[in-house]
Amino acid sequence: MKVFTLGDLHLSHQVEKPMDVFGGHWQNHSEKIKENWHSVVEKEDVIIMPGDFSWATYLEQAEEDFKFLDRLPGRKIMLKGNHDYWWETITKMRKFLGSIGVESVDFLYNNSYQFNGKCYCGTKGWDAREEKDEKIINRETIRLKLSLDSAKCDDGDIIAVFHYPPDDNPLLQSILEEYGVKKCIYGHKHGFSEEPKRYVSKGVEYINASADQVGFIPIEI
């Protein structure tokens, strides 16, 4: 079993939200994702998805996006992004997926998962450069610690998952240091950038998994 990551799919099979307005590389991006996914991911693999899965506003509007994802190989673990307006309680989301026959998707939400002896923990986070709402910051901090505290790793290796990049967020960095996190996945950042997609800062390896940043190809963690 291998573990991959791919975020910011921004699917819109039921709502009108063409992504090619953000650049020609987004044209037919669903087909690119499908083709690339099949080229690297096997049925027994796991894909960690750090947010912005669907443009749907309501859960029911994401049905075709979930079915699209369910037809792709592997087990998918999904984190909330800032554009995932459809997101509900984990009970409602699991019930909805059961009602439409989607079996390969689950959610990272105040919990954790263990694959190949490593624990995957995380929360959406926030933009430290813009967000000053103390309520939001406290909420996301609590959710991160709940997820980290739930981790039961065979070898103590924890991989943190965020939607917002945490590398410029001193509070999140201090929590990662407290729990001994050495690897961190995030999304949210788009566009062509000279910033490396994988880099190490202060002892933590950061992986930008935004779909357009990695050529719409799931990358192995």
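Coordinate-derived values only; no laboratory data. Please read these numbers as outputs of a predicted model, since none were measured by experiment. Please note: Cβ atoms are built from the backbone with ideal geometry, for glycine as well, and neighbour counts cover all protein chains shown.
Going by amide H atoms built from the backbone, whose H comes under 5 Å of the H on Val161, apart from near neighbours?
HN-HN under 5 Å from Val161: Cys121, Gly122, Thr123, Ile185.
How would you classify region 1-96 from its alpha-carbon gyration tensor, with a ≥ b ≥ c the square roots of the eigenvalues: rounded for a/c under 1.5, else prolate if a/b is greater than b/c, otherwise oblate? Can you show the working numbers first?
Working: a/c = 1.76, a/b = 1.05, b/c = 1.68.
Since a/c reaches 1.5 but b/c is at least a/b, the shape of region 1-96 is classed as oblate.
Quick one: order Met93, Met49, Met1 by neighbouring beta-carbon count within 10 Å, fewest to most. Walk me through the numbers before you get to the answer.
On the way: Met93 20, Met49 28, Met1 11.
Listing Met93, Met49, Met1 from fewest to most nearby Cβ atoms yields Met1, Met93, Met49.
Which order do the peptides 70-76, 159-165, 134-140 come out in when sorted by mean C-beta neighbours inside 10 angstrom, highest first?
Result, highest mean Cβ count within 10 Å first: 159-165, 70-76, 134-140.
Tell me, what HN-Hα J-couplings in whole Hz come from the Karplus equation 6.51 cos²θ - 1.76 cosθ + 1.60 at θ = phi - 60° for each residue of region 54-64, using x for Gly and Pro?
Rounded to whole hertz, the list is 9, 7, 4, 8, 10, 3, 4, 6, 9, 4, 5.
Note down the net charge around Lys95, summing +1 for each Lys or Arg and -1 for each Asp or Glu among other residues with Cβ under 14 Å from its Cβ. Spell out each step's value before the answer.
Working: positive: Lys92, Arg94; negative: Glu60, Glu63, Glu88, Glu103, Asp106.
Net charge in that neighbourhood comes out at -3.
Regarding the chain, what's the average projected area of the Cα-atom convex hull, expressed in nm²?
Spelled out: convex hull of the Cα atoms, projected over all directions, averaged, 11.6 nm².
Return the unpartnered cysteines for the chain, using a Cβ-Cβ cut-off of under 4.7 Å.
Among the cysteines of the chain, those whose Cβ sits 4.7 Å or more from every other are Cys121, Cys184.
Taking neighbour Cβ counts within 10 Å as the exposure measure, how do Thr57, Thr89, Thr5 sort from fewest upward? Before the final figure, lay out the partial values.
Details: Thr57 13, Thr89 10, Thr5 24.
Ascending number of Cβ neighbours within 10 Å: Thr89, Thr57, Thr5.
Helix-derived [θ] at 222 nm for the chain: sum -39500 (n - 2.57) over DSSP H runs of at least 4, divide by residue count, nearest 500?
Per the formula, -7500 deg cm²/dmol.
Which of Val181, Val46 comes first, and how do the rest follow, when ranked by fewest Cβ neighbours within 10 Å?
Working: Val181 24, Val46 20.
Ordered from fewest to most neighbouring Cβ atoms within 10 Å, Val181, Val46 come out as Val46, Val181.
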